[in-house]
Amino acid sequence: MSRFKPRLLVIGSSNTDLVIRCDRLPRPGETVLGGEFARFAGGKGANQAVAAARAGARVTFVGAHGRDDFGRAAKAGLRREGIDVRNFREVAKAPSGVALILLGGKTRENLIAVARSANDFVSLRGARFADYDAVVTQLEIPLAVVTQAARQARAAGIPFILNPAPARKLPASLLRLVHTLVPNEHEATVLGDSLRHCRQIVVTCGAKGARLGGGRMIQAPKVKPVDTVGAGDCFTAWLAVGIGEGLTLEEAVCRAVRAAAISVTRPGAQAGMPYCEEIT
């Protein structure tokens, strides 16, 4: 591990994950009975904040939640992880984020739907970018906020790490501001030729590991998956922490792959994130 704790600014979504584990995922129009229900703290931004805090970073989370039990529980959970939540603001005009998740089959593949929520009202007000070693965000918040964050990170001279999920086309003007883009294989396909505008790319490849922009594959250790939700968030956060520490890209990716492999062996997106002492 690094000799210091990098300061990481995580800007993004917070959701409560309502999860049903099924023997297999249903086909369109089909109902699958007999699944087990569980509730977990989630949201790509909050997941990455927790993963980064457990990786040893000093984390500030910028997000929004509603005036409801889901939002209060989400904030309390992040606070327990030692995360600065002063900029995780309550909004009156929308409920807290909720995601409906189906997990199925031996590989625990997932289907996820996310409701409109307070995540649509995230604001960068009060965030001092120059105070951090790296910034990380995703696409479950408005694209205008992501773009503003990228510009402010560039102006402050700090790395901006973007996890382009959920998948969508992105303007070249945004991609040129990204220090490291972290798509999965599907997201990379959606972005297509626009990837040429990126300075540095790491593609996550599920159980296979991750591929560096030059084509080199970093293999993931073989594990028995229990819950794959949040694995990409775990990888992104550990990669961002490594960049904030000043590791080489390959060093940061190798460590992130090991962390993500551990995360899928445990239930719950945030609950399953590993601690820094577990990563050798």
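The values are calculated or read from the model by the stated rules, or taken from the named source; none is laboratory data. Nothing here was measured: the structure is a model prediction, and the numbers come from that model. Note that we place each Cβ from the backbone using ideal geometry, even for glycine, and neighbour counts take in every protein chain shown.
Things to note:
Table: residues versus (1) in a strand (DSSP E or B); (2) farther than 19 Å from ALA165 by Cα; (3) of a type outside the set (Gly, Ala, Ser).
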position	(1), (2), (3)
ASN47	no, no, yes
VAL59	yes, yes, yes
ALA64	yes, no, no
GLY77	no, yes, no
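- When residues of the range 158-194 are limited to those that are among the acidic types (Asp, Glu) and surrounded by fewer than 20 Cβ atoms within 10 Å (Cβ to Cβ), the one farthest from VAL241 (Cα to Cα): ASP193
- Pairs are defined by a Cβ separation below 6 Å, a sequence spacing of at least 6 or placement on different chains, a first member in the range 77-92 that is of a type in the set (D, E, K, R), and a second member that is in a helix (DSSP H, G or I); the pairs so defined are GLU81/VAL50; GLU81/ALA53.
So that you can scan it fast, the table gives a plain yes or no per residue for (1) under 21 Å from VAL253 (Cα atoms); (2) of a type in the set (S, T, N, Q); (3) not in a loop (DSSP other than H, G, I, E, B):
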site: LEU8; (1), (2), (3): yes, no, yes
site: VAL19; (1), (2), (3): no, no, yes
site: PRO28; (1), (2), (3): no, no, no
site: THR31; (1), (2), (3): no, yes, no
site: GLY34; (1), (2), (3): no, no, no
site: ALA38; (1), (2), (3): no, no, yes
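- Condition met for VAL32 (under 23 Å from ASN163 (Cβ atoms) and β-branched (Val, Ile, Thr)): no
- Any hit, the range 215-226, residues being of a type outside the set (Phe, Trp, Tyr) and within 25 Å of ILE11 (Cβ to Cβ): no
- Residue match in the range 95-106 (condition: of a type outside the set (Gly, Ala, Ser), under 13 Å from SER13 (Cβ atoms) and in a strand (DSSP E or B)): yes
- Check on ARG199, in a strand (DSSP E or B) and of a type outside the set (A, V, I, L, M): no
- Looking at PRO274, PRO225, PRO267, just one residue is assigned to a loop (DSSP other than H, G, I, E, B) and modelled with pLDDT of 95 or more, and that residue is PRO274.
- The residues of the range 257-266 that are touching a residue at least 40 places away in the same chain (Cβ under 8 Å) and surrounded by 17 or more Cβ atoms within 10 Å (Cβ to Cβ), listed by number, are VAL257, ALA259, ALA260, ALA261, SER263, VAL264.
- Among the residues of this structure, ALA155 does not count as one that is of a type outside the set (Val, Ile, Thr), surrounded by fewer than 24 Cβ atoms within 10 Å (Cβ to Cβ) and under 15 Å from the mean Cα position of the chain (by Cα).
- Flag if ARG211 is in contact with a helix residue (DSSP H, G or I) (Cβ under 9 Å, 6 or more places away or on another chain), modelled with pLDDT of 95 or more and either over 17 Å from LEU139 (Cβ atoms) or buried (at least 24 other Cβ atoms within 10 Å of the Cβ) (or both): yes
- Within the range 228-248, the set of residues being closer than 20 Å to ALA165 by Cβ, not in a loop (DSSP other than H, G, I, E, B) and not aromatic (Phe, Trp, Tyr) comprises ALA231, GLY232, ASP233, CYS234, THR236, ALA237, LEU239, ALA240, VAL241, GLY242, ILE243.
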